[in-house]
Structure formats: C-alpha cells, structure tokens
Amino acid sequence: MSDKAIGGTGATILVVDDTPESLRFLTTTLEHAGMTVLIAIDGLAALELLEHVTPDLVLMDAVMPGLDGFKTTRRIKEDSRFRNLPVIFMTGLTETEHVVRGLEAGAVDYVHKPIVVDELLARVLVHLANARISQGSQLALDTAGRPSFAVGEDGTTGWLTPLAAATIERLFPGWTPRDVRLPEPLAATIKRLQGPDTPAGAQASIQIGDSLVECTFLRRTSAREWLFRFAEKRQGDAERILAERHGLTSREAEVLVWISRGKQNREISEILQISPRTVNKHLEQVFEKMGVENRASATAIAVATLAQ
C-alpha cells in the first residue's frame, strides 16, 4: 500500500464493473474523497491490470459477463502477491448465499446496490486502514530481522513478509511470490513442523547450496494458519557477527563459536587444526574483550548474540 494511503487520501482503488453508470458514479465519489481510481470493465481486464500495478483496494462487481466477480476474486487471491489486497464486493444480490459466496471467494466485505455513498466510503476507509496495519506489521518483522510467513493446513501460503518472499525467490529459482505454495523442499521441511503437538520454538532446517535455511514455528493463528520465522544462515555468518559485536579477531570468533556449541579445547584444536594451548590463549583474549571470567559466561553471551 502506498505511504500516502492514510485515511483515503492518495489511495489507489481498482473498480471492476461492466456498467458505465456505476463506473462514473464510483469514479466521481472516490476521486472527490482524494483517491486515485483505476477502471476495469470485466474480470479479465482486472487480472491484466494487476500484472502491471497493485492498487490499495478493489471494488468488485459480483455480476459481470464472462469472468464474474466471484471467479475474478478467486483468481486474484490465488496469487500470493495479493493475499492481503482487500476486495469489497458490490452486489445487487441480497440472498445470504451470495454474500457468503463472495466472502468465501476472498472478499473482506460487501456493499449492496444501489450504493449509499457514506456507507461505501466508510467501508473503504476501514479496510484501507486494516490493510495498512497488516502491511506495517509484516514490514516491522523484516526490519527486526525476522522475515516470516504463514501457511494453511493444506500447505498454501497465507502471506509472506517482503524479505521472506525475496529470500525464497533467490534461493529457489523458478519460484515466484505469486505461487500458491512454497517450493517443494521448503514445503516438506515446514510440513514436519505442522504436527498437532508441535511446541512453539520448534525448528527444522534444510541445506540449500552454501545456505542453511532454518524455519522456526511460532504459533497457530485464529485464522487456522501456521506462523513461521524464516532465517538464512551462511557459512561464516556466526563468526562475523561475534567478531563485529565483541571486537574479536576472526580466529577468536571461530573459537568462541565452537565454545558456544559445547566443544572442548581439544575438539576445537582438531577442528581448527591448531594446538590446544593456542585455543586456550585465544580464549583468554576472548574473555578479556568480552569482560567475562569463564567459558560459561562467554558461551551465554555468544548464544544470546547469535539468537538476536
């Protein structure tokens, strides 16, 4: 959603309707409220337009020739790029089954025709605000270094934060954020964490090239989705982080990494191909720079640093 889309000002609304009178009325109403209006006269035109621009909200006529509003909305929601794009149905159909059908297709709300201006604008503004909050929450996860995603019980993606989507797309060539499901190797990894008794914090990982992809189960949401945190770890990342954070040399950071993994001096000397005495000297420097007196304290600080 555009940063300008606060209240209604600056928001871009896609109106999908095959009736010229409705299009004129809606365009005038929305533009008067400070919104930019895009127009599609049928479902196929709407899908084509969405390949080039992403609006902040869609007003969708339910009954149209060819691809009707129900089918168009389903097609839109099958693309993961638009999972959080709010769609409001406009319909002259008053039967409950039609309303339910629209909501099941992926709409967030509906307004009856003939449209009441104040009601329409109120619903549009509420859903613009909700979408903005949702997007802000996802961006906040990325900013905090916690790219995340949600999947349903059937394995379909509910949403992905932008950073998670970009990382998955880079690691799995051929996959795009518009795909309904995660790449198969990642989906299989996630599936192992979707048991009924899986505790929060449970992890599963998969090696992709020189990257270790680690997925952490966070919780199940009220929408029956499974929420995961996604992390890519490359060889040398831990050493670099510890060196930068605590002012260590690269070798000291290597020693600290293995200490934090529970290795003893002799094991570390074999891994790094240095003498146990040299390992001990490096540890003395590590303790001094970190302001601690023993390996237990250094380990605790290292684990906390890497967890962040």
Dipole of the chain [Lys/Arg +1, Asp/Glu -1 at C-beta], most positive-end residue of V37, P276, A202: P276
Cα gyration tensor, the chain - rounded (a/c under 1.5), prolate or oblate: prolate
Dipole of the chain, positive direction: furthest Cα of T54, F217, I88, with charges on the beta-carbon: F217
Angle between the chain longest axis and helix 117-143 axis [Cα atoms, degrees, rounded to 10]: 10
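Can you put V286, V117 in order of Cβ neighbours within 10 angstrom, beginning with the fewest? Before the final figure, lay out the partial values.
On the way: V286 24, V117 14.
Listing V286, V117 from fewest to most nearby Cβ atoms yields V117, V286.
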Check: the chain dipole with +1 on Lys, Arg Cβ and -1 on Asp, Glu Cβ, in debye: 1260
Gain in span if fully extended, V180 to R74, counting 0.36 nm per residue against the direct Cα distance: 37.0 nm
Helical contribution to [θ] at 222 nm, DSSP H n ≥ 4, -39,500 (n - 2.57), averaged over the chain, rounded to 500: -14500 deg cm²/dmol
Computed label-point distance, nm, for sites S297 and H32 using a 7 Å Cα→Cβ extension: 7.2
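Rank by packing, highest mean first: peptides 291-304, 35-48, with packing defined as the count of other Cβ atoms within 10 Å averaged across residues.
Numbers: 291-304: 14.1, 35-48: 18.6.
The densest-packed peptide leads the list: 35-48, 291-304.
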Straight-distance crosslink candidates among lysines, where the alpha carbon sits under 25 Å from K289 and sequence neighbours closer than 8 are dropped: K263, K281
For the stretch 73-88 versus the stretch 204-254, the gap between their alpha-carbon centres in whole angstrom: 31
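Kindly state, to the nearest 0.05, the FRET efficiency for E244 paired with L103, given R0 = 41 Å and r defined as their beta-carbon distance.
Details: r = 50 Å, r/R0 = 1.22.
It comes to 0.25.
Find the relative contact order for the stretch 145-234 and round it to a whole percent, using C-alpha pairs within less than 8 Å whose residues are 6+ positions apart.
Numbers: 148 pairs, mean separation 26.9, N = 90.
With pairs under 8 Å counted, the relative contact order is 30 percent.
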Förster radius 22 Å - calculated FRET efficiency between T19 and A122, Cβ distance, rounded to 0.05: 0.45
Two-decimal log10 I(q)/I(0) for the stretch 202-305, as the Debye equation yields it once each C-alpha is a single scatterer, q = 0.16 Å⁻¹: -0.76
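Relative contact order (percent) for the chain, with alpha-carbon contacts under 8 angstrom and 6 or more residues of separation? Walk me through the numbers before you get to the answer.
Values: 472 pairs, mean separation 31.7, N = 308.
Averaging sequence separation for qualifying contacts and normalising by length gives 10 percent for the chain.
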Placed amide H near W159: partners under 5 Å, 5+ positions off or other chain: A150
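FYI, it's all coordinate maths here, none of it is from the lab. Quick caveat: nothing in here was measured; it's all calculated off a predicted structure. Ideal geometry is used to build each Cβ from the backbone, glycine not excepted, and the neighbour counts take in all protein chains shown.
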